[in-house]
Amino acid sequence: MSTAPSVRTTGTLTPVVPDGLPGLLADGWTITWRNLQRLRRSPDMILFAVLQPIMFVLLFSQVYGGSIHVAGTDYTDYMMAGIFGQTVVFGSTFSGSAMAQDLKEGIIDRFRTLPMSPAAVLIGRTNADLVLNCISMVIMMLTGALVGWRFHNGVPSMLAGVGLLLLFSYAFSWVTALLGMMVRTPETINNAAFMVLFPLTFISNAFVQPQNMPKILEVFANWNPVSALVQAARTLFGNVGTAPTGDTFTLQHPVITVLIGSVVMLLIFVPLCVARFKNTSSR
């Protein structure tokens, strides 16, 4: 973190923020390292973050896999993209709950007195959660391989699929970080995330085909952004099969949809988060 001196203006202590991209990157890396150290000291957080996707992989592949048929592909291949999508979406909520917790404990006020860019705290928070999502992805892929999941489009396409999932999770982390600075307690955002994201992931093409749902749910699933994310992962992993995928633009062009959506989220919510951070006080 930068050690530039502070200057007194109008009776208040105003930190001198380092100028330019190098200062921002240095401060962002410092906060990222601080958050990763907190994760290292809280192995239970990492444990539960990876146990949930393992549980879903085993549950859907071993319990439901023999009862659900998808044309042209094995159900294990089909549902793995859904679990990838569900896990990175839920993993992105850590940014919101962590920001809410830091505000509650008064840490954000301390950060604001330091000579550092306001964006550095948010960059460090979202970067650390991206690392946690990377760990979850590796564990899920290994577990999926054990139960029979395979990718069929080659290693470069598989890596592109992983990168796309992580890009979406990083962009969505900024959305939840903003929410974390708006709610009163960390529990609020955890409960809200469950109530919103749980139906979004299940009323989608993550685990079943939308054409088998009631019509109104089929329409919702076809336009659901989680469906586009999952379909993009299936496309890049080579797990699509021959089943119909829906005639919406988002499902016909899922990769470009997720790329555009991720960029739009970053363009909108990064500035909003920085502005909110400057005006947010501890609770």
In degrees, nearest ten, helix 225-237 long axis to first principal axis of the chain (Cα): 70 degrees
How long is the gain from Asn153 to Gln37 if the chain were fully straight, where each residue apart is worth 0.36 nm and the alpha carbon distance is subtracted? 38.1 nm
Calculated P(r) of the chain - Cα pairs past 36 Å, %: 21 percent
Calculate the FRET efficiency for Thr188 and Arg112 from the Cβ-Cβ distance with a Förster distance of 25 Å, rounded to the nearest 0.05. 0.65
Residue order, fewest to most beta carbons within 10 Å, for Trp29, Trp174: Trp29, Trp174
Highest to lowest packing among 249-256, 149-156, 121-128, scored as the average C-beta count within 10 Å: 121-128, 249-256, 149-156
Arrange the following residues from fewest to most other Cβ atoms within 10 Å of their Cβ: Ile268, Ile189. Ile268, Ile189
Got a sec? How would Met195, Met55 order by Cβ neighbour count within 10 Å, fewest to most? Met195, Met55
By average C-beta atoms within 10 angstrom, highest first, the peptides 177-184, 227-234: 227-234, 177-184
Cα axis of helix 43-58 to longest principal axis of the chain: angle in degrees, 0 to 90, nearest 10? 20 degrees
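Laboratory data are not the source of any read-out in this text; all were calculated from the coordinates shown. Quantities reported herein were computed from a predicted structural model and do not represent experimental measurements. Note: ideal-geometry Cβ built from the backbone for every residue, glycine included; neighbour counts use all protein chains shown.
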